[in-house]
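Quick notes on the structure that follows.
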Amino acid sequence: MDGALEKSISFILFIIIGIILKKKISVGDETNGLKKIILTLALPATIFIALLKVKIDGNLVLFPLLALAFNVILFAVTPLLLKIIGVDPNSDKGRSAKLLIPSLAPGLSCFAFILEFLGDGYLAKAAMADLGNKFFVLFLLYLVALKWHYNNADFEANSLKTKLKGLLKALLYEPVNIFIIVALVLVSFGITLDKIPNFLSMTLSRLSFIMTPLVLLFIGLAVKIKKQQFFQLFSLLLLRASFTLLLIAAVISFADLTVTKDILVMIAFGLSSASFWPFAHISAIHLKETKEKTVKRTFDINFALSILALSLPISVLLILGILTAGDTFAKTSNIFILCGILFFIGVLYPIYLKINKKVSLKKSEIQFSVDK
């Protein structure tokens, strides 16, 4: 059996085990505890080791900027995607989607697969790119959320200043970012993994070993597919993936990229699931509006939660399928084909709704004529 196929089957088994464990492990605090272990221990250790194993050069500084540019482009395109599926971009649902769709959560949806299929060097590149994404989801999206909520008269400037300071501290003190900064400082002084104390490298290595199994178990435990709005959100997320692939294919063609792993890491990172951070912003504003008994809400928290729930499994399946296929999707022609397939599936439900609406109107007109 092919090694990549065996690896994929192993990953799927871990996800299935996570689904089975739902009966034993509660989705609330226990699952969140598992997520915290991933984000505060396993993932930082893995990224730290990956950065110490590679030669850091000036080119890595470009990755956060490229990721940030991708976030901004996706944010600009999201209203168009919402119109395709029949959601008003300026409604509470539309605003919720506009905050979540351009965000990325590579730590939970793609880092483990990049490490397993592409290696430490490409994990280091993805980790650097994630710094730009984190700046976008933590700061820029928070400012956007506040702008949409700004019509509340009692929202004071002091409150904004305090919350921005809190976000800056969260960004600086987040374990992943601390490990990245420390690793970059060490590498800049020529200190690599083989030069740090053996007990420390062993501890970090053993922590990194548990990341992939924990992420896969978490996916199995956290996945929730709600019947309500399923097809609408499924269409939206497939259109998001389709546009991502279209953009990546355009970049590959323009930059004349030929290195297979460079292309695959771009695809895997770009197809990451929606981030939890925008949902945290939505939750904070929703709580404030609940206390103030605001009638017209800025966001639809249930719609946002449904996007998160469906985004993770779709992203994981796409990323795993693409990486398992080897160098198949390193060719722009195949990327365009997959892009077209995802777009076609994504527009099926909106087309069905429009046809159904027209049929209903005709029936109403016929019934009205008969009554006359």
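Structure notes:
- If you take all other residues with their beta carbon under 11 Å from the beta carbon of residue 64, and give Lys and Arg +1 and Asp and Glu -1, the sum is +1.
- Peptides ranked, highest mean first, by Cβ atoms within 10 Å: ranges 105-115, 338-348: 105-115, 338-348
- Phi-derived couplings, Karplus 6.51 cos²θ - 1.76 cosθ + 1.60 at θ = phi - 60°, listed residue by residue for region 192-200: 10, 4, 6, 9, 8, x, 4, 5, 6 Hz, with x used for Gly and Pro.
- Each 10 Å bin from 0 upward holds the following percent of the Cα-Cα pairs of the chain: 5, 22, 31, 26, 11, 4, 1, 0, 0.
- For residue 300, nonlocal amide neighbours, meaning residues 5 or more places apart or on other chains whose placed amide H falls under 5 Å from its own, are 93, 96.
- Applying a threshold of 19 Å to the alpha-carbon distances of 35/93; 35/261; 53/125; 93/147; 98/261 flags 35/93; 35/261; 98/261 as lying beyond it.
- Sorted largest first, extent of region 183-243 alpha carbons per principal axis (Å): 54, 27, 13
- With Cα atoms, 0 to 90° folded angle of helix 62-84 axis to the chain main axis: 10 degrees
- Kirkwood hydrodynamic radius of region 268-372, Cα pairs, Å: 18.1 Å
- Between region 120-134 and region 178-196, the alpha-carbon center distance in angstrom: 15 Å
- Cα long-axis angle, helix 175-188 against the chain (0 to 90 degrees, to the nearest 10): 40 degrees
- Principal axis box of region 208-306, alpha-carbon based, largest edge first, Å: 56, 36, 26
- 3J(HN,Hα) along region 355-361: 5, 4, 5, 5, 4, 5, 5 Hz, from the Karplus curve 6.51 cos²θ - 1.76 cosθ + 1.60 with θ = phi - 60°, whole Hz, x for Gly and Pro.
Quick note: the coordinates plus some simple rules give every number you see, no bench work behind them. Model, not experiment: these values are computed from the prediction. No Cβ is skipped: glycine too gets one built from the backbone with ideal geometry, and neighbour counts run over all protein chains shown.
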